[in-house]
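Just so it is clear, none of the values below were taken in a lab; they were calculated from the coordinates. Since this is a predicted model, take the numbers as computed values, not measurements. In this analysis, Cβ positions are derived from the backbone assuming ideal geometry, glycine residues included, and neighbour counts consider all displayed protein chains.
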Amino acid sequence: MSDKVFKGNRGATGVFFMTLVTIATVVYWLNPPGNPGVDMACMIIIGFLIYGPVMLIGLHALELAPKKAAGTAAGFTGLFGYLGGSVAASAIVGYTVDFFGWDGGFMVMIGGSVLAVILLVIVMLGERRHHQQLKQA
C-alpha cells in the first residue's frame, strides 16, 4: 500500500494509519455501554491498522541501514518497539488506570497515538527532503 497508494512515502502511510487508529481509539473510548457492535468494530479497526506503522518502521530502518547492518536494524526496531510497548503497557498505562481510571488510560493511549502521528509527520518531511536530495544528485 505504501508503494502503490503513497508512491513509496512510508511516513505518509504511517500518518494515515495512525490517524485512523487514533480516531478508532477515541470512538471506542467514547462509545456508551450497550453498543457491542461499535466496540467490536473499533477493536477490529485498531488491530488491523496498528500493524501498518509497526511494519513500516522496520521497513524504513532497513532502507536507511547499509546492507551489512540490515538485520541488526530490523532487530533493534523490533526489540525496542516490543520492549517499549510492554513497559508502557505494564507501567505507564497500568499506573494511570490504577490512579485515574480508564479515562486516564485512554488519554495516555490517545496521547501516544497523537505523538506517533507527530513523529511520523517529521519522518515524512525528512523522507521527502531525502528523496529531493537524491533527485538533485
Extension reserve of the I92-L115 stretch, reckoned as 0.36 nm per residue once the Cα distance is removed: 6.8 nm
For the chain, diffusion coefficient by Stokes-Einstein and Kirkwood Rh (Cα), 37 °C, 0.692 mPa s, µm²/s: 198
Helix 94-136 vs. the chain, principal-axis angle (Cα, 0 to 90°, nearest 10): 20
The chain: calculated mean residue ellipticity at 222 nm from DSSP helix runs of at least 4, using -39500 (n - 2.57): -29000 deg cm²/dmol
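Based on the Cβ-Cβ distance from L64 to M107, what FRET efficiency comes out when R0 is 41 Å, to the nearest 0.05? Write down the numbers at each step before the final one.
Numbers: r = 33 Å, r/R0 = 0.80.
My answer for the efficiency is 0.80.
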Angle in degrees between helix 70-87 and the longest Cα principal axis of the chain, rounded to the nearest 10: 20
Cut-off of 10 Å, at most 15 other beta carbons, DSSP loop: longest stretch of the chain lacking such trypsin sites (Lys or Arg not before Pro): 8-137
Cα long-axis angle, helix 36-64 against the chain (0 to 90 degrees, to the nearest 10): 20
